[in-house]
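All remarks here apply to the structure that follows.
The values are calculated or read from the model by the stated rules, or taken from the named source; none is laboratory data. Just so you know, these numbers come straight off a predicted model, no measurement behind them. Note that we place each Cβ from the backbone using ideal geometry, even for glycine, and neighbour counts take in every protein chain shown. The area values use the complete protein model at the heavy-atom level, side chains included, leaving out ligands, DNA and RNA. Shrake-Rupley method; radii C 1.70, N 1.55, O 1.52, S 1.80 Å.
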Amino acid sequence: MVAISVVFGALVMVALVTGCGDAVERISVDTPAVTPLSIPPLLEPTIENGVAHYDLTIGTSHHDYQQGSPTETYSYNGMSVLGPTLRLKTGDSVAINVTNALDQITTTHWHGADVPAEDDGGPLSPIEPGTTWVADFDVIQPAATLWYHPHLHGFTAEHVYRGSAGMIIVDDGNPAGTLLPRTYGVDDIPVIIQDRDFTEDGQFDFAINRGPLGKRDGVLTVNGTINPFVETPAGPVRLRLLNGSQARIYQLGIEGATMMKIASDGGYLASPVILERIVLGPGDRAEIIVDVGGAPAALVDSAFGRVLELRPTGLASTVGPLPETLTAIERISGSEITVDRSFHMDQVGNGWGFNGLQLDMSRIDETMRLGDTERWTLTAEAGQHVFHVHQTQFQILAINGEPPPPEEAGWEDSVLVNANREVVIASRFNTYADNNMPYMYHCHLLDHEELGMMGQFLVVE
């Protein structure tokens with residue numbers, strides 16, 4: 001049976017911290033959308049000796065945000081904004097060549113990917129202007145929606161804000177996947193949600209906000225499109241939601257149709273979950289199924305109103321009944337735990353940090369042993385935070401002492417934490433080890449990350 005969950009309590013909890021008083025350009029669902037949704041193209045690989053090679057180039061461009069003049073952006077592969085979608089397959093070997101055509105150092109990180117530390121693309125993998133960095137790894141994780149973006153410390157927020165980000169889709173051999181909408185751009189739609197502000201001459205108004213909520217902007221974009229619609233068949237449509245914003249948390253729902261969540265950060269849930277709302281923090285992903293009928297439906301947000309209009313074409317979907325079971329999730333038990341750690345997220349000096357410390361790139365904050373399973377308790381005193389860890393996916397064991405609801409019982413790489421929401425998670429460190437190259441953990445409110453709320457950990461033999 002499909003699980004049913006109502007999340008109004010969680011919405012209230014988040015609202016207590018995020019507030020709702022910032023000015024936004026709200027769009028009514030009663031007015032038809034005016035602009036077709038831009039769909040990032042799929043990046044086709046070149047196959048050589050069994051390895052799939054992908055080429056990405058990050059550089060400058062311009063995009064029409066309807067601000068009177070073109071907005072200067074950063075993007076990948078010459079797109080006006082964002083980058084192409086990478087489609088990988090579990091079991092494949094890939095090599096991704098990233099060339100830096102900017103006039104400053106950058107990086108490219110594979111957010112949510114289980115890869116060796118040297119291929120992670122974090123702050124310790126800088127790409128100098130005019131040079132190419134290669135990440136080569138095997139795809140070892142199950143089907144999921146991931147994303148890529150720059151991750152240079154001190155510049156992550158700005159480089160992402162200016163438009164350099166893209167989606168990664170991992171496919172696997174799970175037979176349930178063949179019963180879901182999976183035609184990219186037709187009934188399987190990428191939805192990259194970002195808020196932006198602009199100067200009087202139409203340029204990005206980027207800034208870092210030192211406050212507890214970070215910088216939240218007033219204009220909503222989806223795949224770089226303002227007030228978009230997308231034409232879909234009537235029937236089940238899959239939306240791959242990605243919050244690519246600097247700090248804003250979205251409270252998303254569907255008007256005019258039902259919504260089922262089928263996947264979180266790390267892949268499929270055990271079963272579809274019918275929801276009224278989804279809370280999506282910066283960096284979070286969620287896959288939902290919307291059963292579009294004969295009339296338009298709308299993805300909506302509590303602050304912005306309509307996010308995306310789903311406009312049926314009159315053609316019927318070829319997707320049949322959805323599976324009641326999506327995957328088997330082996331729960332991490334208490335008897336498996338070998339190490340306990342605590343991470344307290346709070347103000348440190350004039351910035352933010354973990355356990356009273358701000359980031360020091362010369363310091364290793366935590367060391368894990370390959371093969372261990374760890375339990376982490378995440379707490380906060382001030383501010384709204386999104387705890388994110390590189391390389392591994394985790395399970396939520398408890399939220400305020402209670403087991404997670406079905407929609408949060410899958411695999412995750414980021415989770416909301418605030419003074420009203422203590423979270424306990426568990427993760428297995430059983431894939432890669434490197435005694436010298438660390439991974440990162442940090443707040444994915446990028447303002448907080450830039451202001452020191454990031455640490456480094458090693459996974460050692």
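Checked against (1) under 20 Å from MET79 (Cβ atoms); (2) of a type outside the set (D, E, K, R); (3) under 17 Å from the mean Cα position of the chain (by Cα), GLY185 meets all criteria but (3).
For segment 381-405, name all the residues that are of a type in the set (A, V, I, L, M, F, W, C) and in contact with a helix residue (DSSP H, G or I) (Cβ under 9 Å, 6 or more places away or on another chain).
Scanning segment 381-405 gives VAL386, ILE396, LEU397, ILE399.
Taking segment 59-102 as the region of interest, none of the strands (runs of 3 or more DSSP E) fully inside it holds 3 or more residues being at pLDDT below 95. When each of GLY214, GLY224 is tested for being surrounded by 18 or more Cβ atoms within 10 Å (Cβ to Cβ), under 17 Å from GLY281 (Cα atoms), in contact with a His (Cβ under 9 Å, 6 or more places away or on another chain) and not polar (S, T, N, Q), the lone residue that passes is GLY214. Within segment 414-438, the set of residues being of a type in the set (Gly, Ala, Ser) and either closer than 19 Å to VAL279 by Cβ or part of a strand (DSSP E or B) (or both) comprises SER414, ALA419, ALA426, SER427.
For every residue, the table says whether it meets (1) outside any strand (DSSP E or B); (2) under 30 Å from GLU158 (Cβ atoms); (3) polar (S, T, N, Q).
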site: ALA234; (1), (2), (3): no, no, no
site: ARG238; (1), (2), (3): no, no, no
site: GLN251; (1), (2), (3): no, yes, yes
site: ILE254; (1), (2), (3): no, no, no
site: MET260; (1), (2), (3): no, no, no
site: THR313; (1), (2), (3): no, no, yes
site: THR318; (1), (2), (3): yes, no, yes
site: PRO323; (1), (2), (3): yes, no, no
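Checked against the criterion of being farther than 26 Å from GLY267 by Cβ and not basic (Lys, Arg), the candidates ILE337, ILE364 yield just one match: ILE364.
Scanning segment 359-373 for residues being assigned to a strand (DSSP E or B) and out of contact with any Ser or Thr (no Cβ under 6 Å at 6 or more places or on another chain) gives a total of 4.
Scan THR392, THR379 and give me the residue that is surrounded by fewer than 20 Cβ atoms within 10 Å (Cβ to Cβ) and either touching a strand residue (DSSP E or B) at 6+ places or on another chain (Cβ under 8 Å) or without any contact (Cβ under 8 Å) to a residue 12 or more places away in the chain (or both). Can you show your working first?
Values: THR392 fails: surrounded by fewer than 20 Cβ atoms within 10 Å (Cβ to Cβ).
So the residue among THR392, THR379 that is surrounded by fewer than 20 Cβ atoms within 10 Å (Cβ to Cβ) and either touching a strand residue (DSSP E or B) at 6+ places or on another chain (Cβ under 8 Å) or without any contact (Cβ under 8 Å) to a residue 12 or more places away in the chain (or both) is THR379.
When the residues of segment 65-87 are filtered to those that are surrounded by fewer than 20 Cβ atoms within 10 Å (Cβ to Cβ), of a type in the set (Gly, Ala, Ser) and under 24 Å from the mean Cα position of the chain (by Cα), which remaining residue is farthest from THR199 (Cα to Cα)? Ranking the qualifying residues of segment 65-87, first place goes to GLY78.
Number of residues in segment 117-164 that are under 22 Å from MET453 (Cα atoms), open to solvent by less than 40 Å² (accessible area, probe 1.4 Å), hydrophobic (A, V, I, L, M, F, W, C) and in contact with a helix residue (DSSP H, G or I) (Cβ under 9 Å, 6 or more places away or on another chain) equals 3.
Of the residues making up segment 203-224, those that are farther than 15 Å from GLY305 by Cα and polar (S, T, N, Q) are GLN203, ASN209, ASN223.
Restricting attention to segment 318-333, the residues that are surrounded by fewer than 18 Cβ atoms within 10 Å (Cβ to Cβ), in contact (Cβ under 8 Å) with a residue 12 or more places away in the chain and within 19 Å of THR377 (Cβ to Cβ) add up to 1.
Starting from residues that are buried (at least 18 other Cβ atoms within 10 Å of the Cβ) and of a type outside the set (Lys, Arg), keep the ones in segment 304-317 and report whichever is modelled with the lowest pLDDT.
Step one: of segment 304-317, the residues buried (at least 18 other Cβ atoms within 10 Å of the Cβ) are 304-312, 317.
Going one step further and asking which of them are of a type outside the set (Lys, Arg), we end up with 304-305, 307-310, 312, 317.
Working: PHE304: 98, GLY305: 98, VAL307: 98, LEU308: 98, GLU309: 98, LEU310: 98, PRO312: 95, SER317: 88.
Step by step, filter segment 304-317, then rank; the result is SER317.
Would you tally the residues in segment 439-455 being open to solvent by 10 Å² or more (accessible area, probe 1.4 Å) and either under 13 Å from ASP120 (Cβ atoms) or in a loop (DSSP other than H, G, I, E, B) (or both)? Write out each step before concluding.
Looking only at segment 439-455, we keep the residues that are open to solvent by 10 Å² or more (accessible area, probe 1.4 Å), and these are 450-451.
So of that shortlist, the ones also either under 13 Å from ASP120 (Cβ atoms) or in a loop (DSSP other than H, G, I, E, B) (or both) come out as 451.
Counting residues in segment 439-455 that are open to solvent by 10 Å² or more (accessible area, probe 1.4 Å) and either under 13 Å from ASP120 (Cβ atoms) or in a loop (DSSP other than H, G, I, E, B) (or both) gives 1.
One residue alone among ALA10, ALA33, ALA23, ALA52 is open to solvent by less than 60 Å² (accessible area, probe 1.4 Å) and modelled with pLDDT under 95, and that residue is ALA10.
Can you give me the number of residues within segment 406-430 that are over 19 Å from ALA328 (Cβ atoms) and either open to solvent by 20 Å² or more (accessible area, probe 1.4 Å) or touching a helix residue (DSSP H, G or I) at 6+ places or on another chain (Cβ under 7 Å) (or both)?
Pass one, segment 406-430, residues over 19 Å from ALA328 (Cβ atoms): 413-425, 429.
Among the residues that remain, those that are also either open to solvent by 20 Å² or more (accessible area, probe 1.4 Å) or touching a helix residue (DSSP H, G or I) at 6+ places or on another chain (Cβ under 7 Å) (or both) are: 416, 418-422, 424.
Residues that pass the stated criteria total 7.
Please specify each residue of segment 36-49 satisfying the condition of being open to solvent by 40 Å² or more (accessible area, probe 1.4 Å) and under 24 Å from the mean Cα position of the chain (by Cα). Before the answer, list the steps.
Restricting attention to segment 36-49, the residues satisfying the condition of being open to solvent by 40 Å² or more (accessible area, probe 1.4 Å) are 36, 38-39, 41-42, 44-49.
Listed by number, the residues that qualify are PRO36, SER38, ILE39, PRO41, LEU42, GLU44, PRO45.
Can you say whether ALA433 is in contact (Cβ under 8 Å) with a residue 40 or more places away in the chain, touching an Asp or Glu at 6+ places or on another chain (Cβ under 9 Å), under 26 Å from TYR250 (Cβ atoms) and open to solvent by 10 Å² or more (accessible area, probe 1.4 Å), as far as the supplied structure shows? Spelling it out, it is not the case that ALA433 is in contact (Cβ under 8 Å) with a residue 40 or more places away in the chain, touching an Asp or Glu at 6+ places or on another chain (Cβ under 9 Å), under 26 Å from TYR250 (Cβ atoms) and open to solvent by 10 Å² or more (accessible area, probe 1.4 Å). Evaluate segment 283-303: report whether one residue or more is open to solvent by 10 Å² or more (accessible area, probe 1.4 Å), closer than 23 Å to PRO40 by Cα, assigned to a loop (DSSP other than H, G, I, E, B) and not basic (Lys, Arg). Checking segment 283-303: at least one residue is open to solvent by 10 Å² or more (accessible area, probe 1.4 Å), closer than 23 Å to PRO40 by Cα, assigned to a loop (DSSP other than H, G, I, E, B) and not basic (Lys, Arg).
If you check LEU357 against the conditions, is it modelled with pLDDT under 95 and surrounded by fewer than 18 Cβ atoms within 10 Å (Cβ to Cβ)?
On the way: modelled with pLDDT under 95: no; surrounded by fewer than 18 Cβ atoms within 10 Å (Cβ to Cβ): yes.
The answer is no for LEU357.
Among the residues of segment 234-253, those identified as open to solvent by 20 Å² or more (accessible area, probe 1.4 Å) and more than 10 Å from ASP291 (Cα to Cα) are ILE249, GLN251.
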